[in-house]
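Readers should treat all values here as calculations from the given coordinates under stated rules, not as data from a laboratory. All figures in this text were calculated on a predicted structure; none of them were measured in a lab. Don't worry about glycine lacking a Cβ; one is built from the backbone with ideal geometry, like all the others, and counts go over all protein chains shown.
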Amino acid sequence: MNLVGSFFGSSIGRKIIMALTGVILIGFVVGHLVGNLQIFQHPDHINGYAQFLHQLGPLLWVARIGLIAAALLHIWAATVLTLENKRARGGDYGFKHTIQATFASRAMRWTGVIVLAFLVYHLAHFTLGVVQTETFKETAPLNHYVMQNDYRVAGFTVVKAGTDVANVHSMVILGFQHKVVALFYIVAVGLLSLHLLHGFNSLFQSLGLRNAKWSWLLHKAALALCVVYFLGNLAIPGAVLAGKLRPQTAKVAATAQR
Amino acid sequence: MTLRVWRQAGPKALGQFKDYAAKDLNSNMSFLEMLDVVNDELTLKGEVPIAFAHDCREGICGTCSLTINGKPHGPGKGIATCQTYMRSFHDGDIIVVEPFRAAAFPLIKDLVVDRTSFDKIMQAGGFITARAGSAPEANAAPVPKGVSDLAMDAAQCIGCGACVAACKNASAMLFVSAKVGHLGLLPQGQAERDRRVLAMVHTMDEEGFGNCTNQYECSAACPKTISHDFIARMNRDYLGATLRSAFQPEAASSDGGGA
Ligand code: HEM
Ligand code: SF4
Ligand code: FES
């Protein structure tokens, strides 16, 4: 069989595709969270960061297309493998019994699908601006933000003070002031964390790197990653709901003009 | 105690559970001996006895099967059905007995399934192509102790199919990985290592087994406690073999130089 055939046509090949696309997606969600946590700093940070990403232009599109391809491959492999597995199982047992498969591992399909639904809403909300348009960064009353300080990445100034940028800071906070939206977000990242708990463990097995000598450590690392990931994600809508994070007031906007 | 047994006259027939009272049992009887007792009674009554597979009755042949209360080979760990004793159950229990279920193991009758698909996987690569003859000098091919022990762990697989029966996806990964790992660890298996893993996995897929979701029900059900570490090992072997075989140059005289 040729190389493409072996990866796309065989059971293990598809598992390897799942694992590699999983690595890309994990890298993305972790990086994304780290970027988002800048919301707890001065609005310059998250707004400058967003402006910086937009300034990447074609590079941003390379990353976006790469991520979309990884997500599509991941979902494609999950679907094909699941359909084959249903067919292979044949009849169900009259007496259903699970010996040691974890809850997270048995919920992969559900957590995956709900995460997908969340992803669609999330993009519609914060990237495309087709839902909750009244708070969207480019159309809302607080749509503009003037940078007070330079935004630096690795020591280089990438966004200069005084630049007029989109107001991501207030879009996110106003978005999460809707309780239903914030709760849906919290539930979805919770399920994503559960997905990652099995996924992170699993990818080492699929790539042939796991064995009993260090699997206890891998499992602890996966658990730690998922708990930290969940708490990090919980912090943002949680702080908004608790009233700790507020959109910029007119006063801040005014000082921004000076 | 009550036995709730899957009865199905043939592959096409409709199957169903039937209850039988199992009487006059001794706690030191094996599960298969208990079935013998029940079958004797059925025969005396003129009913068709329950068909079940068995051979060695000492845990080495892999013929016995049965899913007992949802777990292949019954409640024990590292034990085949033939070595499961009635002392593992209590008076008055209802014991549900089903065949190993998997599309790749078509049912023949009652509790007997056809595991030919395993033979096909073995024929695809579960051997070394070596000249048969008298045994070679034992010290000619040194094998470190740790490696030979690991190979022996894998070699314990008796090909029973419990891993497939236990797997939510009816995947044969544990069985195939035991065979691939056993030969792949030993010097005699090296020459055909890549070809073997590619061919055995290919046949496994063709026979309609499912795909592993790393839930490890297989190793928990395995009567020989084969570790799912062998599955990781096979995944790695498969990845390497795929890449190597794609880039390996072919000899010009690939038809062997014959006329
Ligand atoms: C969008 C819908 C998604 C669906 C339907 C989905 C479905 C699945 C399924 C069925 C598996 C296989 C479970 C297994 O074989 O054990 C899986 C594995 C995995 N998923 Fe997802 N998933 C989705 C999104 C994601 C996302 C967003 C991430 C990362 C942030 C992710 C990371 C992983 C990883 C790392 C694995 C392990 C790969 C492996 O089995 O080796 N998935 N997913
Ligand atoms: S790996 Fe274990 S359960 Fe699977 S066939 Fe071999 S002995 Fe049976
Ligand atoms: S009858 Fe041989 S292993 Fe059970």
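What is the magnitude of the charge dipole of the protein assembly as shown about its Cα centre, with +1 placed on the Cβ of each Lys and Arg, -1 on the Cβ of each Asp and Glu, and no other charges, expressed in debye to the nearest 20?
1340
Around B:TYR20, under 11 Å between beta carbons, what's the net of Lys plus Arg minus Asp minus Glu among the other residues?
Within the 11 Å Cβ shell, the charges total +2.
What's the exposure ranking of B:CYS82, B:CYS56, going from fewest to most Cβ atoms within 10 Å? Working shown, then result.
Details: B:CYS82 22, B:CYS56 13.
Exposure proxy ranking, most exposed first: B:CYS56, B:CYS82.
Using helices alone, what [θ] at 222 nm do you get for the protein assembly as shown, with -39,500 (n - 2.57) per DSSP H run of 4 or more residues, divided over all residues and rounded to the nearest 500?
So the calculated ellipticity at 222 nm is -16500 deg cm²/dmol.
Suppose each label sits 7 Å from its Cα in the direction of the beta carbon; what would the A:VAL4-B:LYS12 distance come out to in nanometres?
4.3
Hey, in the GNM for chain A with a 10 angstrom Cα cutoff, which one of A:PHE126, A:PHE95, A:PHE103 fluctuates hardest?
A:PHE95
Which whole number gives the average, over all residues in A:123-129, of C-beta atoms from other chains lying within 10 Å of the residue C-beta?
Details: counts 0, 0, 0, 0, 0, 0, 0.
The mean count of partner-chain Cβ atoms within 10 Å per residue comes to 0.
Can you put A:TYR93, A:TYR151 in order, fewest other beta carbons within 10 Å first?
Fewest-to-most ranking of A:TYR93, A:TYR151: A:TYR93, A:TYR151.
Run the simple label-point estimate for B:MET1 and A:LEU53 please: 7 Å along Cα→C-beta, distance reported in nm.
Using points 7 Å along Cα→Cβ, the separation is 6.0 nm.
Calculated FRET efficiency, B:MET152 and A:ILE65, Cβ-Cβ r, R0 56 Å, to nearest 0.05?
E between B:MET152 and A:ILE65, to the nearest 0.05, is 0.65.
Under the Karplus relation 6.51 cos²θ - 1.76 cosθ + 1.60, θ = phi - 60°, what is the ordered set of whole-Hz ³J(HN,Hα) values for region B:111-128, x standing for Gly and Pro?
10, 9, 10, 9, 9, 4, 4, 5, 4, 5, 5, 4, 5, 6, x, x, 7, 10
So who's got an amide H within less than 5 Å of the one on B:ILE95, skipping anything under 5 residues away but keeping other chains? H placed 1.01 Å off N, in plane.
Amide H neighbours of B:ILE95: B:THR2, B:LEU3, B:ARG4.
Starting from 0.36 nm per residue, how many nanometres of slack lie between A:ALA242 and A:PHE40 once their C-alpha separation is accounted for?
Length gained, A:ALA242 through A:PHE40: 71.4 nm.
Output wanted: per-residue J couplings in Hz (rounded whole) for region B:144-151, from phi through Karplus 6.51 cos²θ - 1.76 cosθ + 1.60, θ = phi - 60°, x for Gly and Pro.
Ordered by residue, 3J(HN,Hα) equals x, 3, x, 6, 5, 5, 5, 4 Hz.
Which of the peptides A:22-30, B:111-119 is most tightly packed, and how do the rest follow, judged by the mean count of other Cβ atoms within 10 Å per residue?
Result, highest mean Cβ count within 10 Å first: B:111-119, A:22-30.
By count of other Cβ within 10 Å, fewest leading, how are A:LEU194, A:LEU59 ordered? Could you put the intermediate results ahead of the total?
On the way: A:LEU194 22, A:LEU59 10.
Going from sparsest to densest Cβ surroundings: A:LEU59, A:LEU194.
Mind giving me the FRET efficiency for B:VAL143 and A:LEU231? R0 is 51 Å, r the Cβ-Cβ distance, nearest 0.05 is fine.
Calculated transfer efficiency: 0.55.
Averaged over B:157-167, how many beta carbons belonging to a partner chain fall within 10 Å of each residue's beta carbon?
1
Treating only the Cβ atoms of Lys and Arg (+1) and Asp and Glu (-1) as charged, compute the dipole magnitude of region B:2-109 about its Cα centre; round to the nearest 20 debye.
For this selection, approximately 440 debye.
Only Cα pairs within less than 10 Å get springs; with that Gaussian network setup on chain A, which residue of A:ARG14, A:ARG87, A:ARG152 has the largest fluctuation?
A:ARG87
How much space per residue, in cubic angstrom, does the convex hull of the C-alpha atoms of region B:1-78 take up? Walk me through the numbers on the way to the answer.
Working: hull volume 9.2 nm³, N = 78.
Spelled out: Cα convex hull of region B:1-78, divided by residues, is 118 Å³.
How many nm is it between the label spots at B:ALA130 and A:LEU217, if each spot is 7 Å from the Cα in line with the beta carbon?
Distance between label points: 3.6 nm.
Residue by residue through A:97-107, how many Cβ atoms from other chains fall within 10 Å of the Cβ on average?
Shielding by partners across A:97-107 averages 5.
Under 20 °C and 1.002 mPa s, how fast does region B:116-247 diffuse according to Stokes-Einstein, given a Kirkwood radius computed over C-alpha pairs? Answer in µm²/s, whole number.
The calculation lands on 142 µm²/s.
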